Amino acid sequence: MSGGVTRREKKEQPTVKDKVKLQREENVFLQWDALTHQQIQDLMEKTGNDLQSKIKELLGFRNHQTCMRETAMLDYYFCGVCWAKEANFTSIQTSFTMAVLQMLLDNIGVKKMALVENLMEFAKALGPTCHCPTPEADTTPLLDSKEATALINYIRNSLFQNYRLFELLFTTSREELLTGVERTIDVFSCQDTLSPLEEGISTQIALCPNMKNTPTNSSEAQ
């Protein structure tokens, strides 16, 4: 009986091939589902307003002029693509960057993750990109140490340092956003007549303020 169990356990032990397959699955990195690599490559060739218009078209932002949330998202993805372009990222590296940006944003808006939890998710997503798929494979990691550090700094500055703003934007209804910015303005009112500015009166009167009484004093003297 025990011998049968031992043989079964030996049979279920993973082979070297299974270990390589498992390691590859663990090292699979994120890719942006919104656009294909070819679409991203075409996107990287555009600049300025053309690039922003293309992102708006591809992602379906039709209400960005009236919807604060869409405006923020359009700017968020536009800046992400521009940064990846300036960093000379390939289409695959850009796809990973945009996938991470979307994941972190979804964690705020959909999963309501706190900052620390989202940081951990970012670390998990970044890990596989810094390692080769297998030790035997003649390949390089998706991001080298310099590129990974640059990406960390960018996401820290663009998202994590403004985390509270993103939380308010993506977890607060539009009505609450509008009413939340209402302010009471006190209008200054004075019943008494204000004295004219010094620039608004003649130099002679300004220098000799008692001159206005001179005609009365002269008439009294007569």
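Evaluate the following for Thr90: is it touching a Lys or Arg at 6+ places or on another chain (Cβ under 9 Å) and among the polar types (S, T, N, Q)? Before the answer, list the steps.
Numbers: touching a Lys or Arg at 6+ places or on another chain (Cβ under 9 Å): no; among the polar types (S, T, N, Q): yes.
No.
Counting only residues that are touching a Phe, Trp or Tyr at 6+ places or on another chain (Cβ under 9 Å) and either part of a helix (DSSP H, G or I) or of a type in the set (A, V, I, L, M) (or both), region 35-67 holds 7 of them.
Here's the yes/no breakdown for (1) touching a Cys at 6+ places or on another chain (Cβ under 7 Å); (2) closer than 19 Å to Gln39 by Cβ; (3) among the basic types (Lys, Arg):
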site: Ser53; (1), (2), (3): no, yes, no
site: Lys56; (1), (2), (3): no, yes, yes
site: His64; (1), (2), (3): no, no, no
site: Cys67; (1), (2), (3): no, no, no
site: Thr71; (1), (2), (3): no, no, no
site: Leu74; (1), (2), (3): no, yes, no
site: Phe78; (1), (2), (3): no, yes, no
site: Ala84; (1), (2), (3): no, yes, no
site: Ser91; (1), (2), (3): no, yes, no
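A search for C-beta distances below 9 Å between a residue of region 97-120 that is in contact (Cβ under 8 Å) with a residue 24 or more places away in the chain and in a helix (DSSP H, G or I) and any residue that is open to solvent by 50 Å² or more (accessible area, probe 1.4 Å) and β-branched (Val, Ile, Thr), counting only pairs 6+ apart in sequence or on different chains, returns Ile108/Thr171; Gly109/Thr171. Among the numbered conditions (1) more than 19 Å from Glu167 (Cα to Cα); (2) open to solvent by 50 Å² or more (accessible area, probe 1.4 Å); (3) not small (Gly, Ala, Ser), the only one that Val110 does not meet is (1).
For region 76-92, which positions are open to solvent by less than 10 Å² (accessible area, probe 1.4 Å) and within 22 Å of Leu168 (Cα to Cα)? Please lay out each step first, then the result.
First, pick out the residues of region 76-92 that are open to solvent by less than 10 Å² (accessible area, probe 1.4 Å): 80-81, 84.
If the condition is that a residue be open to solvent by less than 10 Å² (accessible area, probe 1.4 Å) and within 22 Å of Leu168 (Cα to Cα), then Gly80 is the only one that fits.
Tell me, which residue of region 1-38 that is open to solvent by 70 Å² or more (accessible area, probe 1.4 Å) and modelled with pLDDT of 85 or more is nearest to Ala84 (Cα to Cα)? The qualifying residue nearest to Ala84 (Cα to Cα) is His37.
Here's the yes/no breakdown for (1) buried (at least 17 other Cβ atoms within 10 Å of the Cβ); (2) touching a Gly at 6+ places or on another chain (Cβ under 6 Å); (3) on the phi > 0 side of the Ramachandran plot:
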{"residue": "Leu43", "(1), (2), (3)": "yes, no, no"}
{"residue": "Lys46", "(1), (2), (3)": "no, no, no"}
{"residue": "Gln65", "(1), (2), (3)": "no, no, no"}
{"residue": "Thr94", "(1), (2), (3)": "yes, no, no"}
{"residue": "Leu101", "(1), (2), (3)": "yes, yes, no"}
{"residue": "Leu104", "(1), (2), (3)": "yes, no, no"}
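Flag not set for Leu126, criterion: closer than 20 Å to Trp32 by Cβ and at pLDDT 95 or above.
The values are calculated or read from the model by the stated rules, or taken from the named source; none is laboratory data. Because the structure is predicted, anything quoted here is derived from the model rather than measured. Note that each Cβ is placed from the backbone with ideal geometry, even for glycine, and that neighbours are counted across all protein chains shown. Surface areas here come from the heavy atoms of the whole protein model, side chains and all, with no ligands, DNA or RNA. Shrake-Rupley method; radii C 1.70, N 1.55, O 1.52, S 1.80 Å.
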